[in-house]
Amino acid sequence: MTSTRPGPDWLADAVLYQIYPQTFADSDGDGIGDFAGIAEHLDHLAWLGIDTVWLNPCFASPFRDAGYDISDYLAPAPRYGTTEGLAALVEEARRRGIRLLLDLVAGHTSDRHPWFRAAAGDPSDHRYIWSDRPVDGFVPSPGSRPGWYRPNFFDCQPALNFGYARTRSDQPWRQPVDADGPRANRAALRGIMAHWLGLGVAGFRVDMASSLVKDDPGYTETSKLWTELRDWLDRAHPQAALFAEWGDPATAVAAGFHADFFLQFGGADHGLPLRSLWNNNAGTVEEHWKQGPCYFEAEGRGTPQLFLDAWRSAAELTEGAGYIALPTANHDFSRLATGPRTAGQLAPAFALLLTWPTLPAVYYGDEIGMRYVPGLPDVEGSVLGPQYNRAGSRTPMQWEPGPNAGFSTAPADRLYLPVDPDPHRPDVAGQRADPTSLLHTVRRLIALRRAHPGLGSGGSVEVRHAGYPLVYVRAGRYLVAVNPRREPGAVALGPVTARPLDVQGVRVTGGELQAEGFSYGVFELD
(Lines give C-alpha, C1' and ligand atoms only; values in the text may rest on other atoms or scores of the structure.)
Protein backbone atom coordinates (compact mmCIF):
# COMPACT_ATOMS: atom_id res chain seq x y z
CA MET A 1 0.00 0.00 0.00
CA THR A 2 1.48 3.33 -1.02
CA SER A 3 2.11 5.83 1.73
CA THR A 4 -0.07 8.91 1.30
CA ARG A 5 1.99 11.07 3.59
CA PRO A 6 3.33 14.13 1.72
CA GLY A 7 6.93 13.24 2.52
CA PRO A 8 9.69 14.36 4.86
CA ASP A 9 8.90 17.21 7.22
CA TRP A 10 11.42 19.56 5.62
CA LEU A 11 9.59 19.49 2.30
CA ALA A 12 6.62 21.60 3.42
CA ASP A 13 8.88 24.59 4.10
CA ALA A 14 11.32 24.10 1.22
CA VAL A 15 12.42 27.04 -0.91
CA LEU A 16 14.04 25.60 -4.04
CA TYR A 17 16.80 27.04 -6.18
CA GLN A 18 17.69 25.56 -9.57
CA ILE A 19 21.33 25.63 -10.68
CA TYR A 20 22.40 25.08 -14.26
CA PRO A 21 25.92 23.88 -13.41
CA GLN A 22 27.51 24.82 -16.74
CA THR A 23 26.98 28.52 -16.10
CA PHE A 24 26.73 29.09 -12.34
CA ALA A 25 30.36 29.48 -11.28
CA ASP A 26 33.65 28.38 -12.85
CA SER A 27 36.42 27.70 -10.31
CA ASP A 28 39.20 26.52 -12.63
CA GLY A 29 39.05 29.00 -15.51
CA ASP A 30 38.03 26.61 -18.28
CA GLY A 31 34.88 28.59 -19.10
CA ILE A 32 32.44 26.00 -17.72
CA GLY A 33 30.91 25.96 -14.25
CA ASP A 34 31.76 23.18 -11.81
CA PHE A 35 31.11 21.68 -8.38
CA ALA A 36 33.84 23.72 -6.70
CA GLY A 37 32.39 26.91 -8.15
CA ILE A 38 28.97 26.07 -6.75
CA ALA A 39 30.53 25.32 -3.35
CA GLU A 40 32.24 28.71 -3.36
CA HIS A 41 28.88 30.44 -3.68
CA LEU A 42 26.80 28.45 -1.20
CA ASP A 43 27.00 31.36 1.23
CA HIS A 44 25.00 33.43 -1.26
CA LEU A 45 22.24 30.84 -1.21
CA ALA A 46 22.29 30.52 2.57
CA TRP A 47 22.15 34.32 2.93
CA LEU A 48 19.22 34.43 0.54
CA GLY A 49 17.31 31.82 2.55
CA ILE A 50 17.49 28.89 0.12
CA ASP A 51 17.35 25.44 1.72
CA THR A 52 17.02 23.11 -1.29
CA VAL A 53 19.11 23.14 -4.48
CA TRP A 54 18.34 21.21 -7.66
CA LEU A 55 21.25 20.65 -10.04
CA ASN A 56 20.65 20.00 -13.71
CA PRO A 57 22.29 16.73 -14.83
CA CYS A 58 25.93 16.53 -13.81
CA PHE A 59 26.70 12.99 -15.00
CA ALA A 60 29.11 11.80 -17.68
CA SER A 61 27.73 12.76 -21.09
CA PRO A 62 28.70 13.66 -24.66
CA PHE A 63 26.56 16.78 -24.05
CA ARG A 64 24.50 16.72 -27.21
CA ASP A 65 21.54 17.74 -25.03
CA ALA A 66 23.37 19.66 -22.31
CA GLY A 67 23.82 16.59 -20.12
CA TYR A 68 20.38 15.08 -20.54
CA ASP A 69 22.10 12.45 -22.68
CA ILE A 70 23.84 10.37 -20.02
CA SER A 71 26.66 7.94 -20.75
CA ASP A 72 27.30 6.93 -17.11
CA TYR A 73 24.76 7.42 -14.32
CA LEU A 74 27.31 6.67 -11.60
CA ALA A 75 30.09 9.09 -12.58
CA PRO A 76 30.07 12.89 -12.70
CA ALA A 77 31.08 14.58 -15.93
CA PRO A 78 34.79 15.52 -15.65
CA ARG A 79 33.95 19.11 -16.62
CA TYR A 80 32.25 19.47 -13.22
CA GLY A 81 34.67 17.50 -11.07
CA THR A 82 34.89 14.10 -9.42
CA THR A 83 32.62 12.01 -7.24
CA GLU A 84 34.69 13.24 -4.30
CA GLY A 85 34.06 16.81 -5.43
CA LEU A 86 30.33 16.21 -5.59
CA ALA A 87 30.40 14.59 -2.15
CA ALA A 88 32.27 17.63 -0.82
CA LEU A 89 29.61 19.90 -2.33
CA VAL A 90 26.85 17.88 -0.68
CA GLU A 91 28.62 18.17 2.67
CA GLU A 92 29.34 21.90 2.33
CA ALA A 93 25.69 22.47 1.49
CA ARG A 94 24.55 20.34 4.43
CA ARG A 95 26.67 22.43 6.80
CA ARG A 96 24.68 25.48 5.67
CA GLY A 97 21.30 23.78 6.02
CA ILE A 98 20.95 23.26 2.26
CA ARG A 99 19.84 19.98 0.70
CA LEU A 100 20.96 18.93 -2.77
CA LEU A 101 18.72 17.27 -5.38
CA LEU A 102 20.15 15.65 -8.49
CA ASP A 103 18.46 15.48 -11.87
CA LEU A 104 17.53 11.88 -12.69
CA VAL A 105 17.12 11.20 -16.42
CA ALA A 106 15.03 8.07 -16.12
CA GLY A 107 13.51 7.57 -19.57
CA HIS A 108 16.55 7.46 -21.82
CA THR A 109 20.34 7.42 -22.05
CA SER A 110 22.89 8.73 -24.50
CA ASP A 111 23.46 6.59 -27.57
CA ARG A 112 27.04 6.38 -26.27
CA HIS A 113 26.06 4.70 -23.02
CA PRO A 114 27.62 1.23 -22.73
CA TRP A 115 24.12 -0.20 -22.37
CA PHE A 116 23.13 1.11 -25.78
CA ARG A 117 26.38 0.19 -27.45
CA ALA A 118 25.88 -3.36 -26.25
CA ALA A 119 22.24 -3.41 -27.35
CA ALA A 120 23.16 -2.07 -30.81
CA GLY A 121 25.20 -5.21 -31.38
CA ASP A 122 23.02 -7.80 -29.66
CA PRO A 123 19.51 -8.64 -30.97
CA SER A 124 18.72 -10.43 -27.71
CA ASP A 125 19.23 -7.28 -25.60
CA HIS A 126 15.92 -5.65 -24.63
CA ARG A 127 17.09 -2.75 -22.48
CA TYR A 128 15.89 -0.41 -25.27
CA ILE A 129 12.92 -0.51 -27.66
CA TRP A 130 13.85 -2.10 -30.99
CA SER A 131 11.87 -2.94 -34.11
CA ASP A 132 12.97 -5.21 -36.95
CA ARG A 133 11.15 -3.01 -39.48
CA PRO A 134 10.82 0.75 -39.99
CA VAL A 135 8.41 2.46 -37.60
CA ASP A 136 7.46 6.12 -37.70
CA GLY A 137 9.76 8.05 -35.37
CA PHE A 138 12.25 5.20 -34.88
CA VAL A 139 15.94 5.64 -35.78
CA PRO A 140 18.11 3.20 -37.80
CA SER A 141 20.48 1.05 -35.78
CA PRO A 142 24.01 2.46 -35.57
CA GLY A 143 25.53 -0.97 -34.87
CA SER A 144 25.63 -4.50 -36.23
CA ARG A 145 22.16 -5.21 -34.90
CA PRO A 146 19.62 -4.88 -37.71
CA GLY A 147 16.55 -2.74 -37.10
CA TRP A 148 15.51 0.56 -35.62
CA TYR A 149 15.33 1.98 -32.08
CA ARG A 150 12.87 4.37 -30.49
CA PRO A 151 14.28 7.72 -29.23
CA ASN A 152 12.80 9.54 -26.25
CA PHE A 153 13.68 13.12 -27.23
CA PHE A 154 16.58 13.76 -29.64
CA ASP A 155 17.71 10.87 -31.86
CA CYS A 156 20.84 10.57 -29.70
CA GLN A 157 18.66 9.70 -26.68
CA PRO A 158 17.35 6.15 -27.10
CA ALA A 159 14.35 5.36 -24.92
CA LEU A 160 14.92 2.87 -22.16
CA ASN A 161 12.44 0.02 -22.39
CA PHE A 162 9.93 0.16 -19.54
CA GLY A 163 7.37 -1.65 -21.66
CA TYR A 164 4.10 -0.69 -23.32
CA ALA A 165 0.81 -0.49 -21.49
CA ARG A 166 -0.90 -1.85 -24.60
CA THR A 167 0.76 -4.69 -26.48
CA ARG A 168 -0.01 -5.92 -30.00
CA SER A 169 0.95 -9.22 -31.57
CA ASP A 170 1.77 -7.52 -34.88
CA GLN A 171 4.14 -5.07 -33.15
CA PRO A 172 6.57 -7.23 -31.17
CA TRP A 173 8.60 -4.23 -29.98
CA ARG A 174 5.66 -3.45 -27.69
CA GLN A 175 6.85 -5.60 -24.82
CA PRO A 176 4.74 -5.84 -21.64
CA VAL A 177 5.83 -3.93 -18.56
CA ASP A 178 6.84 -7.14 -16.80
CA ALA A 179 9.14 -8.40 -19.58
CA ASP A 180 12.83 -8.95 -18.84
CA GLY A 181 14.03 -5.63 -20.28
CA PRO A 182 11.56 -3.44 -18.38
CA ARG A 183 12.22 -5.33 -15.15
CA ALA A 184 15.98 -4.88 -15.56
CA ASN A 185 15.53 -1.14 -16.14
CA ARG A 186 13.36 -0.71 -13.05
CA ALA A 187 16.03 -2.45 -10.99
CA ALA A 188 18.75 -0.27 -12.54
CA LEU A 189 16.76 2.88 -11.74
CA ARG A 190 16.52 1.87 -8.11
CA GLY A 191 20.23 1.10 -8.03
CA ILE A 192 21.13 4.53 -9.45
CA MET A 193 18.95 6.27 -6.88
CA ALA A 194 20.39 4.21 -4.01
CA HIS A 195 23.95 5.02 -5.12
CA TRP A 196 23.50 8.80 -4.94
CA LEU A 197 21.28 8.74 -1.87
CA GLY A 198 24.14 6.88 -0.19
CA LEU A 199 26.38 9.82 -1.05
CA GLY A 200 24.05 12.12 0.88
CA VAL A 201 21.88 13.77 -1.75
CA ALA A 202 18.37 14.64 -0.58
CA GLY A 203 16.49 13.27 -3.56
CA PHE A 204 15.85 13.78 -7.25
CA ARG A 205 14.05 15.85 -9.80
CA VAL A 206 13.02 13.33 -12.49
CA ASP A 207 13.31 14.40 -16.11
CA MET A 208 10.36 13.56 -18.39
CA ALA A 209 8.82 11.53 -15.58
CA SER A 210 5.67 10.66 -17.52
CA SER A 211 7.55 9.22 -20.52
CA LEU A 212 8.66 5.82 -19.23
CA VAL A 213 5.90 3.35 -20.12
CA LYS A 214 4.80 3.88 -23.72
CA ASP A 215 1.24 4.06 -25.07
CA ASP A 216 -0.07 4.37 -21.54
CA PRO A 217 -3.56 5.94 -21.46
CA GLY A 218 -4.08 7.75 -18.20
CA TYR A 219 -0.47 6.91 -17.25
CA THR A 220 -1.74 3.85 -15.43
CA GLU A 221 1.37 1.70 -15.83
CA THR A 222 3.76 4.64 -15.48
CA SER A 223 2.06 5.47 -12.19
CA LYS A 224 2.48 1.90 -10.99
CA LEU A 225 6.19 2.09 -11.78
CA TRP A 226 6.73 5.31 -9.80
CA THR A 227 4.49 4.12 -6.98
CA GLU A 228 6.70 1.04 -6.64
CA LEU A 229 9.80 3.25 -6.43
CA ARG A 230 8.11 5.59 -3.97
CA ASP A 231 7.21 2.66 -1.72
CA TRP A 232 10.87 1.62 -1.71
CA LEU A 233 11.99 5.20 -1.08
CA ASP A 234 9.63 5.56 1.90
CA ARG A 235 11.06 2.42 3.45
CA ALA A 236 14.76 2.81 2.65
CA HIS A 237 15.21 6.61 2.51
CA PRO A 238 12.26 8.27 4.27
CA GLN A 239 13.91 11.71 4.32
CA ALA A 240 14.44 11.76 0.55
CA ALA A 241 12.17 13.64 -1.85
CA LEU A 242 11.08 12.88 -5.39
CA PHE A 243 10.10 15.78 -7.68
CA ALA A 244 8.60 15.19 -11.11
CA GLU A 245 9.02 16.99 -14.38
CA TRP A 246 5.45 16.18 -15.36
CA GLY A 247 3.65 19.51 -15.53
CA ASP A 248 0.51 17.96 -14.05
CA PRO A 249 0.78 17.93 -10.23
CA ALA A 250 -2.42 16.00 -9.56
CA THR A 251 -1.36 13.13 -11.82
CA ALA A 252 2.27 13.13 -10.69
CA VAL A 253 1.46 13.13 -6.97
CA ALA A 254 -1.08 10.35 -7.49
CA ALA A 255 1.71 8.43 -9.22
CA GLY A 256 3.90 8.58 -6.12
CA PHE A 257 5.88 11.80 -6.44
CA HIS A 258 6.21 14.11 -3.47
CA ALA A 259 5.84 17.16 -5.73
CA ASP A 260 5.49 18.31 -9.31
CA PHE A 261 5.97 21.66 -11.03
CA PHE A 262 3.58 23.79 -12.97
CA LEU A 263 5.49 23.96 -16.26
CA GLN A 264 5.27 25.48 -19.72
CA PHE A 265 3.84 22.12 -20.85
CA GLY A 266 1.84 19.27 -19.33
CA GLY A 267 -1.67 18.61 -18.09
CA ALA A 268 -4.97 19.09 -19.84
CA ASP A 269 -4.12 22.75 -20.53
CA HIS A 270 -0.67 21.96 -21.97
CA GLY A 271 1.14 24.33 -19.61
CA LEU A 272 -1.20 27.28 -20.08
CA PRO A 273 -1.65 27.94 -16.32
CA LEU A 274 2.05 28.78 -15.87
CA ARG A 275 2.41 30.48 -19.23
CA SER A 276 -0.64 32.63 -18.50
CA LEU A 277 1.34 34.11 -15.60
CA TRP A 278 4.80 34.69 -17.09
CA ASN A 279 4.99 34.02 -20.84
CA ASN A 280 5.02 37.24 -22.87
CA ASN A 281 6.03 35.55 -26.16
CA ALA A 282 9.43 37.24 -26.22
CA GLY A 283 11.64 34.31 -25.18
CA THR A 284 11.21 30.56 -25.65
CA VAL A 285 8.01 30.14 -27.64
CA GLU A 286 6.53 27.01 -29.19
CA GLU A 287 4.85 27.81 -32.49
CA HIS A 288 1.69 25.91 -31.50
CA TRP A 289 1.15 27.85 -28.26
CA LYS A 290 -2.04 29.84 -28.28
CA GLN A 291 -2.63 32.17 -25.37
CA GLY A 292 -3.73 35.69 -24.64
CA PRO A 293 -1.65 38.29 -22.82
CA CYS A 294 -0.03 37.00 -19.65
CA TYR A 295 -0.98 38.38 -16.24
CA PHE A 296 2.48 39.74 -15.48
CA GLU A 297 2.68 42.34 -18.20
CA ALA A 298 2.88 46.10 -17.86
CA GLU A 299 -0.20 46.79 -20.01
CA GLY A 300 -2.49 44.88 -17.65
CA ARG A 301 -4.41 42.93 -20.30
CA GLY A 302 -4.09 39.53 -18.65
CA THR A 303 -5.92 37.64 -15.94
CA PRO A 304 -4.72 35.39 -13.10
CA GLN A 305 -7.86 33.26 -13.37
CA LEU A 306 -6.37 30.52 -15.56
CA PHE A 307 -3.64 29.96 -13.01
CA LEU A 308 -6.01 30.23 -10.05
CA ASP A 309 -8.42 27.67 -11.46
CA ALA A 310 -5.66 25.20 -12.34
CA TRP A 311 -3.99 25.62 -8.97
CA ARG A 312 -7.24 25.10 -7.06
CA SER A 313 -8.07 21.95 -9.01
CA ALA A 314 -4.57 20.52 -8.44
CA ALA A 315 -4.54 21.58 -4.78
CA GLU A 316 -7.78 19.74 -4.07
CA LEU A 317 -6.43 16.57 -5.69
CA THR A 318 -3.02 16.69 -3.98
CA GLU A 319 -4.09 17.85 -0.50
CA GLY A 320 -2.43 15.74 2.16
CA ALA A 321 -0.54 13.67 -0.42
CA GLY A 322 2.01 15.99 -2.03
CA TYR A 323 2.95 19.46 -3.18
CA ILE A 324 2.73 21.78 -6.16
CA ALA A 325 5.90 23.68 -7.07
CA LEU A 326 5.72 27.09 -8.78
CA PRO A 327 8.92 28.13 -10.64
CA THR A 328 10.09 31.55 -11.77
CA ALA A 329 11.58 29.90 -14.87
CA ASN A 330 13.75 26.92 -15.76
CA HIS A 331 16.50 25.86 -18.15
CA ASP A 332 13.90 25.20 -20.88
CA PHE A 333 11.69 28.27 -20.41
CA SER A 334 12.09 32.04 -20.51
CA ARG A 335 13.29 33.94 -17.47
CA LEU A 336 10.97 36.36 -15.69
CA ALA A 337 12.94 39.28 -17.16
CA THR A 338 12.21 38.57 -20.82
CA GLY A 339 11.52 41.02 -23.62
CA PRO A 340 9.89 44.21 -22.36
CA ARG A 341 9.61 42.94 -18.77
CA THR A 342 12.54 44.36 -16.82
CA ALA A 343 14.08 43.54 -13.46
CA GLY A 344 12.32 46.59 -12.03
CA GLN A 345 8.95 44.90 -12.62
CA LEU A 346 9.75 41.61 -10.88
CA ALA A 347 9.06 42.35 -7.20
CA PRO A 348 5.31 41.59 -7.58
CA ALA A 349 6.14 38.24 -9.22
CA PHE A 350 8.29 37.22 -6.25
CA ALA A 351 5.59 38.42 -3.85
CA LEU A 352 3.16 35.98 -5.46
CA LEU A 353 5.75 33.20 -5.64
CA LEU A 354 6.65 33.49 -1.95
CA THR A 355 3.19 33.96 -0.44
CA TRP A 356 1.14 31.51 -2.53
CA PRO A 357 0.46 27.98 -1.10
CA THR A 358 2.96 26.24 -3.39
CA LEU A 359 6.63 25.34 -3.10
CA PRO A 360 8.58 28.29 -4.59
CA ALA A 361 11.37 27.46 -7.04
CA VAL A 362 13.83 30.22 -7.99
CA TYR A 363 15.81 29.72 -11.20
CA TYR A 364 19.40 30.86 -10.69
CA GLY A 365 19.87 34.56 -11.43
CA ASP A 366 16.17 35.41 -11.31
CA GLU A 367 16.71 36.73 -7.79
CA ILE A 368 18.69 39.63 -9.33
CA GLY A 369 16.56 39.94 -12.46
CA MET A 370 18.92 38.37 -15.00
CA ARG A 371 17.32 38.61 -18.41
CA TYR A 372 16.64 36.12 -21.18
CA VAL A 373 19.34 36.91 -23.75
CA PRO A 374 18.07 36.58 -27.36
CA GLY A 375 20.05 35.69 -30.46
CA LEU A 376 22.52 33.19 -28.98
CA PRO A 377 24.05 30.27 -30.92
CA ASP A 378 22.82 26.70 -30.61
CA VAL A 379 24.88 25.27 -27.74
CA GLU A 380 24.53 21.61 -26.78
CA GLY A 381 21.10 21.25 -28.34
CA SER A 382 19.62 24.47 -27.00
CA VAL A 383 17.56 25.27 -30.11
CA LEU A 384 14.25 23.40 -30.33
CA GLY A 385 12.47 25.55 -32.91
CA PRO A 386 12.50 28.84 -34.81
CA GLN A 387 11.41 30.76 -31.70
CA TYR A 388 12.66 28.33 -29.05
CA ASN A 389 16.30 28.82 -28.11
CA ARG A 390 16.89 27.66 -24.55
CA ALA A 391 20.39 29.20 -24.46
CA GLY A 392 18.86 32.59 -23.63
CA SER A 393 17.90 31.26 -20.19
CA ARG A 394 21.27 29.56 -19.58
CA THR A 395 23.78 32.41 -19.66
CA PRO A 396 26.47 32.78 -16.96
CA MET A 397 25.46 33.89 -13.48
CA GLN A 398 26.23 37.55 -12.92
CA TRP A 399 28.17 37.80 -9.67
CA GLU A 400 29.89 41.17 -9.99
CA PRO A 401 30.72 43.95 -12.46
CA GLY A 402 33.61 43.54 -14.85
CA PRO A 403 34.89 40.82 -17.18
CA ASN A 404 32.67 37.75 -17.44
CA ALA A 405 30.52 39.14 -14.60
CA GLY A 406 32.66 37.23 -12.11
CA PHE A 407 31.56 33.88 -13.53
CA SER A 408 34.96 32.78 -14.90
CA THR A 409 38.54 33.93 -15.47
CA ALA A 410 38.59 32.30 -18.91
CA PRO A 411 38.82 34.43 -22.05
CA ALA A 412 35.36 35.50 -23.15
CA ASP A 413 35.53 33.36 -26.29
CA ARG A 414 36.00 30.19 -24.19
CA LEU A 415 32.89 30.62 -22.05
CA TYR A 416 30.17 27.98 -22.32
CA LEU A 417 27.81 30.79 -23.29
CA PRO A 418 28.49 34.52 -23.53
CA VAL A 419 27.68 36.75 -20.61
CA ASP A 420 24.76 39.14 -21.09
CA PRO A 421 26.34 42.02 -23.06
CA ASP A 422 23.99 44.65 -21.59
CA PRO A 423 26.22 47.23 -19.84
CA HIS A 424 23.47 47.71 -17.26
CA ARG A 425 23.11 44.04 -16.44
CA PRO A 426 22.38 43.36 -12.74
CA ASP A 427 24.83 41.50 -10.53
CA VAL A 428 24.88 40.04 -7.03
CA ALA A 429 27.56 42.35 -5.63
CA GLY A 430 25.78 45.51 -6.71
CA GLN A 431 22.43 44.34 -5.41
CA ARG A 432 23.88 43.13 -2.10
CA ALA A 433 25.09 46.70 -1.57
CA ASP A 434 21.66 48.18 -2.36
CA PRO A 435 18.98 47.50 0.27
CA THR A 436 16.27 48.57 -2.21
CA SER A 437 17.33 45.98 -4.82
CA LEU A 438 15.35 43.00 -6.09
CA LEU A 439 17.81 40.67 -4.34
CA HIS A 440 17.03 42.19 -0.95
CA THR A 441 13.31 42.08 -1.76
CA VAL A 442 13.52 38.35 -2.49
CA ARG A 443 15.53 37.75 0.68
CA ARG A 444 12.98 39.65 2.81
CA LEU A 445 10.07 37.76 1.27
CA ILE A 446 11.73 34.39 1.89
CA ALA A 447 12.39 35.39 5.51
CA LEU A 448 8.79 36.59 5.85
CA ARG A 449 7.49 33.27 4.56
CA ARG A 450 9.58 31.40 7.11
CA ALA A 451 8.59 33.70 9.97
CA HIS A 452 4.88 33.38 9.21
CA PRO A 453 3.90 29.75 8.38
CA GLY A 454 0.49 30.96 7.24
CA LEU A 455 2.22 32.31 4.13
CA GLY A 456 3.73 28.89 3.32
CA SER A 457 2.66 25.83 1.38
CA GLY A 458 -0.05 24.89 3.89
CA GLY A 459 -2.98 26.91 5.09
CA SER A 460 -5.96 28.41 3.35
CA VAL A 461 -6.15 31.03 0.63
CA GLU A 462 -9.14 33.22 -0.11
CA VAL A 463 -9.02 35.28 -3.30
CA ARG A 464 -10.65 38.67 -2.75
CA HIS A 465 -9.97 40.13 -6.20
CA ALA A 466 -8.77 38.25 -9.30
CA GLY A 467 -7.64 41.20 -11.38
CA TYR A 468 -5.24 44.11 -11.10
CA PRO A 469 -4.30 43.98 -8.30
CA LEU A 470 -4.62 40.32 -7.31
CA VAL A 471 -5.71 40.35 -3.67
CA TYR A 472 -5.90 37.32 -1.40
CA VAL A 473 -5.93 36.36 2.27
CA ARG A 474 -3.71 33.57 3.58
CA ALA A 475 -4.64 31.51 6.63
CA GLY A 476 -7.39 34.00 7.45
CA ARG A 477 -4.70 36.34 8.76
CA TYR A 478 -2.43 37.69 6.03
CA LEU A 479 -3.56 40.06 3.31
CA VAL A 480 -1.51 40.01 0.10
CA ALA A 481 -1.81 42.31 -2.91
CA VAL A 482 0.12 41.98 -6.16
CA ASN A 483 -0.10 44.51 -8.99
CA PRO A 484 2.17 43.67 -11.95
CA ARG A 485 0.79 46.31 -14.34
CA ARG A 486 2.02 49.86 -14.92
CA GLU A 487 -1.25 51.52 -13.89
CA PRO A 488 -2.43 51.69 -10.28
CA GLY A 489 -5.46 49.81 -9.03
CA ALA A 490 -7.80 49.81 -6.06
CA VAL A 491 -10.00 47.23 -4.35
CA ALA A 492 -12.68 47.86 -1.73
CA LEU A 493 -12.09 45.71 1.34
CA GLY A 494 -14.60 47.05 3.85
CA PRO A 495 -13.71 47.63 7.49
CA VAL A 496 -10.28 46.11 8.05
CA THR A 497 -7.15 46.85 10.07
CA ALA A 498 -3.99 45.78 8.28
CA ARG A 499 -0.46 46.05 9.67
CA PRO A 500 2.23 46.21 6.96
CA LEU A 501 4.77 43.36 7.02
CA ASP A 502 6.51 44.01 3.69
CA VAL A 503 5.12 46.64 1.36
CA GLN A 504 6.23 48.32 -1.85
CA GLY A 505 3.65 50.76 -3.17
CA VAL A 506 0.50 49.36 -1.54
CA ARG A 507 -1.54 50.84 1.29
CA VAL A 508 -4.80 50.04 3.03
CA THR A 509 -6.82 53.01 4.19
CA GLY A 510 -10.49 53.80 4.69
CA GLY A 511 -11.53 50.26 3.82
CA GLU A 512 -9.78 50.37 0.45
CA LEU A 513 -6.58 48.81 -0.81
CA GLN A 514 -4.65 51.04 -3.19
CA ALA A 515 -1.80 49.63 -5.27
CA GLU A 516 0.64 51.64 -7.33
CA GLY A 517 2.00 50.25 -10.58
CA PHE A 518 4.47 47.34 -10.21
CA SER A 519 3.72 47.01 -6.50
CA TYR A 520 3.01 44.46 -3.83
CA GLY A 521 2.02 44.41 -0.19
CA VAL A 522 1.91 41.82 2.57
CA PHE A 523 -0.11 42.77 5.66
CA GLU A 524 -1.17 41.11 8.90
CA LEU A 525 -4.83 41.52 9.73
CA ASP A 526 -5.91 42.40 13.28
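The values are calculated or read from the model by the stated rules, or taken from the named source; none is laboratory data. Bear in mind the structure is a predicted one, so any value in this text is a computation, not a measurement. A quick note on method: Cβ atoms are made from the backbone with ideal geometry, for glycine too, and the neighbour counts reach across all protein chains shown. Note: areas computed on protein heavy atoms with side chains; ligands, DNA, RNA excluded. Shrake-Rupley method; radii C 1.70, N 1.55, O 1.52, S 1.80 Å.
The table below lists the values:
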quantity: Check: the stretch 1-159 dipole with +1 on Lys, Arg Cβ and -1 on Asp, Glu Cβ, in debye; calculated: 500
quantity: Cα-centre dipole for the chain with unit charges at Cβ (Lys and Arg positive, Asp and Glu negative), debye to 20; calculated: 660
quantity: Relative contact order (percent, whole number), the chain, Cα cutoff 8 Å, 6+ residue spacing; calculated: 14
quantity: Accessible area of the chain divided out per residue, in Å², using a probe of 1.4 angstrom; calculated: 37
quantity: For the stretch 1-101, fraction of C-alpha pairs farther apart than 17 Å, in %; calculated: 54
quantity: Stokes-Einstein translational diffusion, the stretch 482-526 - Kirkwood Rh over all Cα pairs, 1.567 mPa s, 4 °C, in µm²/s; calculated: 124
quantity: Accessible carbon and sulfur surface of the chain relative to its total accessible area, %, 1.4 Å; calculated: 51
quantity: Å³ per residue enclosed by the Cα convex hull of the stretch 222-288; calculated: 98
quantity: DSSP beta bridge pairing in the stretch 47-150, given as percent antiparallel to the nearest 5; calculated: 65
quantity: The stretch 300-415, dipole about Cα centre (Lys/Arg Cβ +1, Asp/Glu Cβ -1), debye to the nearest 20; calculated: 280
quantity: Total formal charge among the other residues, if their Cβ is under 12 angstrom from that of residue 373, Lys/Arg +1 and Asp/Glu -1; calculated: +3
quantity: Whole-number percent relative contact order across the stretch 318-464, with pairs defined as alpha carbons under 8 Å at least 6 apart; calculated: 27
quantity: For the chain, alpha-carbon Rg and Dmax in angstrom; calculated: 23.2, 80
